[in-house]
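Trainee: Can you read through this structure? Questions will come right after.
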Amino acid sequence: MTDPAQRIWARLQPGDVQWLSALAARAAPEGIALVGGAVRDALLGHTPLDLDVVVPGGQVEALARASGRPFVFHPAFGNATLTLPDGRTADLVQARREHYPVPGGNPVPAPGTLDDDLRRRDFSVNALALQVSPSGEVTLRDTTGGLNDLEARVLRPLHGRSFEDDPSRLVRAARVGARLELRAHPELLAQVPAALALAPQTPRLWAELKLLLQEPRPGQAAAQLADWGAGGLLPDPALLLALDRLRDEGQIIPDTAYAAALLHAAPDPAALARLLTLGERPGALLARALSDTFFPPGTPERTLRALLRPDAYAGLTGKDVLALGVPPGRAVGAALAHLAALRRAGHLRSPDEERAALKAFVATEGRQD
């Protein structure tokens, strides 16, 4: 199967094919167009799950209502979010063009054609459209050379002011590039300084950095930024890359562990947490990882501790104290508190030293009794 449109169509789930075909039939005479990441991912051999559909002829609200699916209409942009039978959501978007009155600010939309809608996007590989006619015919629409760039594994902005219009596209490029193993086009690299100059006044850029922590390999995305000359947006990615390797080995590494590692590497963790709106959980996780509290193997606390405190070891527990004949109750707590104090003072460096200290403590307490 060499026709790219047919390759995309064949990659969609059968239910999605039926839904898009029915939608196109109701959208006569211009049909509809599946756009963006779904088209890109299908061409890369993946099954798309996130569906964005452009309606060239407008009438988005009427089309959403006619589909019979629950939906929410967004009047500001003329878009609708529908709920599909399996619980996923799909976006119906009125074809539009955009311009940016202020660099780094919000775009001002206006009705447009499908080509206008494709040209307003970030990268050529995201500006591909699968047009579905009312009769069910499918054709690939490529007005920006995205198919060639995808085959060459290149990430290219659509025009020379792309990052000046929206500096957050720089971080989005790192996310997409790391996830799909795409290399930066020279035009992308040339626009990095413009994005960095406007970064402080672009809240969307910081939101994209927070999304970076939810990527399959956040460390790779952060390292990509550093390679492009934008390493100042985030602390050193070494800890994130170490977590990537553990995740690749099959360990479960939650997003909060990446956020905690990022805070540990930051010169001002509180300021970074505010910029990225990380909330309290990553900081709390980091504090637990740096503490001497026991956590079982496989927990985020234990995983982070191994990276942040490679000389740390698993301290003795209440079971170890009881095994030495200490009666249950306050005596166990007193023994553990004694060990914790010695640990904080730097007098204990291994489980063997802890056992010796515990035996000495139990013997001393026994003589006092």
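The values are calculated or read from the model by the stated rules, or taken from the named source; none is laboratory data. No experiment lies behind these values; they were computed from the predicted model shown. A quick note on method: Cβ atoms are made from the backbone with ideal geometry, for glycine too, and the neighbour counts reach across all protein chains shown. SASA here: full protein model, heavy atoms, side chains in, ligands and nucleic acids out. Shrake-Rupley method; radii C 1.70, N 1.55, O 1.52, S 1.80 Å.
Trainee: Considering only residues that are among the β-branched types (Val, Ile, Thr), buried (at least 23 other Cβ atoms within 10 Å of the Cβ) and part of a loop (DSSP other than H, G, I, E, B), which ones fall in region 133-171?
Mentor: Residues satisfying the conditions do not exist here.
Trainee: In the list SER162, SER168, which residue meets the criterion of being at pLDDT 95 or above, more than 19 Å from PRO48 (Cβ to Cβ), in contact with an Asp or Glu (Cβ under 6 Å, 6 or more places away or on another chain) and hydroxyl-bearing (Ser, Thr, Tyr)? Full working, then the answer.
Mentor: Details: SER162 fails: in contact with an Asp or Glu (Cβ under 6 Å, 6 or more places away or on another chain).
Only one candidate passes the filter, namely SER168.
Trainee: Only one residue in LEU34, LEU84, LEU92 is surrounded by 15 or more Cβ atoms within 10 Å (Cβ to Cβ), more than 24 Å from ALA110 (Cβ to Cβ) and aliphatic (A, V, I, L, M). Which one? Full working, then the answer.
Mentor: On the way: LEU34 fails: more than 24 Å from ALA110 (Cβ to Cβ); LEU92 fails: more than 24 Å from ALA110 (Cβ to Cβ).
One residue alone meets the criteria, LEU84.
Trainee: So PRO29 passes all but one of these: (1) under 18 Å from ALA127 (Cα atoms); (2) part of a loop (DSSP other than H, G, I, E, B); (3) out of contact with any helix residue (DSSP H, G or I) (no Cβ under 6 Å at 6 or more places or on another chain). Which condition number does it fail?
Mentor: In the conditions (1) under 18 Å from ALA127 (Cα atoms); (2) part of a loop (DSSP other than H, G, I, E, B); (3) out of contact with any helix residue (DSSP H, G or I) (no Cβ under 6 Å at 6 or more places or on another chain), PRO29 misses (1) alone.
To keep it simple, each residue is scored yes or no on (1) open to solvent by 20 Å² or more (accessible area, probe 1.4 Å); (2) among the β-branched types (Val, Ile, Thr).
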{"site": "GLN201", "(1), (2)": "yes, no"}
{"site": "LEU213", "(1), (2)": "no, no"}
{"site": "GLN220", "(1), (2)": "yes, no"}
{"site": "ALA230", "(1), (2)": "no, no"}
{"site": "LEU246", "(1), (2)": "yes, no"}
{"site": "ILE253", "(1), (2)": "no, yes"}
{"site": "ALA259", "(1), (2)": "no, no"}
{"site": "LEU263", "(1), (2)": "no, no"}
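Trainee: Please go through region 147-176 and give me each residue that is in contact (Cβ under 8 Å) with a residue 40 or more places away in the chain and under 14 Å from ASP41 (Cα atoms), ordered by number.
Mentor: LEU147, LEU150, VAL176
Trainee: Can you give me the number of residues within region 266-285 that are open to solvent by 50 Å² or more (accessible area, probe 1.4 Å), free of Cβ contacts under 8 Å to residues at least 60 places away in the same chain and closer than 13 Å to LEU209 by Cβ?
Mentor: 1
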